[in-house]
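For reference, the structure discussed in these notes is given below.
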Amino acid sequence: MANMQTKQAQSTDMQKTEAQTDAPMERTRSRRVFIPRTDIYERPDALVVVADMPGVDQNSVDVNVEKRVLTIAGRVESASSDQRRLSYAEYQTGDYERSFALSDEVDVSKIEASVSHGVLRIVLPKAAEAQPRRIAVTAG
Amino acid sequence: MARLTNRFTWDWSPFREILQLRDEMDRFFGNAPRRIDAEFPSVNVWLGPDDLVVTTEIPGVREEDLDISVQGDTLTLRGSRGADTLGENETYHRQERPSGSFVRTLLLPYQVDPDQTEARLEKGVLTLRLSRSQTEKPRHIPVKAQA
């Protein structure tokens, strides 16, 4: 899977993208780590981050901002069964992790996050001074 | 989104074959987008003595947008998920999450009883438990010893 080594999840690929093993930091949990597929869009008042993290709920997700780096992390317990054996596998489960650098215009103290149906949604409001302001032009 | 019909055979490891095929495709096409194996959603199948469990990851798909049907030994999953509709002055910086509708048909290893099917959608993961049809269950034939 040579072309899956890029850090960014590829929109043309329906499979999950696993994080690189030569990541700068080692992880304490011996689990697979996937890069959640993410949409980011900008509203006049906020930046919205939407990430697919199936298997994650509000208790198993962490959203952190440190030194203007937004980090999202989710823990997924591995599926196992005593009575049944995995006989056909197309996908693997594991944790999620991804970081984004934020610009100065985000008001870090007002960030809100929610999870629904395995989708994490983070709203990062812009600081008041960064919001666009319409300047009324008067005839002189 | 991918729309395809899958038939898998249970006698050998389909996973290995798929991976081999994928490697060959990679070599052949280089870095071309691999639409060819874009099956959505991916499924895992857990096999038990009398039932089987199919799990699939479909984040963002709500219960009302999902249609599951079972007929004999064929399972069909249909669903859709919409993208956020952006208003004026709203722009995407990054758009990686697929949206639209999907259909996936799976051939199960045996006939299942549609009345004993359970579906659970939790945290974006669909879990389907399908019981083997009573008439299909293998029967043990006792062998009588000759006196």
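Results, tabulated for the structure shown:
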read-out: Centroid-to-centroid separation of the stretch B:122-140 and the stretch B:56-82 [C-alpha atoms, Å]; value: 16 Å
read-out: Spin-label zone in the stretch B:74-114 - amide nitrogen under 12 Å from a point set 7 Å from the Cα of B:Leu66 along the C-beta vector; value: B:77-80
read-out: As computed over the stretch B:106-147, the Cα convex hull volume per residue (Å³); value: 106 Å³
read-out: Quarter of Cα convex hull surface for the stretch A:13-140, i.e. mean projection, nm²; value: 11.9 nm²
read-out: Karplus 3J(HN,Hα) series, Hz, for the stretch B:107-120 with 6.51 cos²θ - 1.76 cosθ + 1.60 (x for Gly, Pro); value: 8, 8, x, 8, 5, 10, 8, x, 6, 10, 9, 10, 10, 9
read-out: Nonlocal amide H pairs with B:Leu108, under 5 Å, H built at 1.01 Å; value: B:Thr74, B:Leu75
read-out: Averaged over B:82-90, number of beta-carbon atoms from partner chains that fall within 10 Å; value: 3
read-out: FRET efficiency, A:Asn59 to A:Gln92 (Cβ-Cβ, R0 22 Å, nearest 0.05); value: 0.50
read-out: Cβ-based net charge around A:Arg43, under 11 Å, with every Lys or Arg adding one and every Asp or Glu removing one; value: -4
read-out: Loop sites in the stretch A:91-140: trypsin sites (Lys or Arg not before Pro), DSSP, at most 13 other Cβ within 10 Å; value: A:Arg133, A:Arg134
read-out: Average Cα contact separation per residue, chain A, under 8 Å, 6 or more apart, as relative contact order %; value: 25 percent
read-out: Other-chain or far-sequence residues with amide H under 5 Å of A:Ala46's (modelled H); value: A:Lys126
read-out: Within the stretch B:66-147, trypsin sites (Lys or Arg not before Pro) in DSSP loop having at most 13 other beta-carbon neighbours inside 10 Å; value: B:Arg139, B:Lys144
read-out: Reciprocal of mean inverse Cα separation for the stretch B:30-147 (Kirkwood radius, Å); value: 17.2 Å
read-out: Nonlocal amide H pairs with B:Arg94, under 5 Å, H built at 1.01 Å; value: A:Ile40
read-out: Filter on A:Lys16/B:Lys123; A:Lys126/B:Lys123; A:Lys67/A:Lys110 - keep pairs with C-alpha separation over 25 Å; value: A:Lys126/B:Lys123
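Since every read-out is calculated from the coordinates, none of them should be taken as a lab result. Given the structure is predicted, the values throughout are model-derived calculations rather than measurements. Every residue, glycine among them, receives a Cβ derived from its backbone with ideal geometry; neighbour counts consider all protein chains shown.
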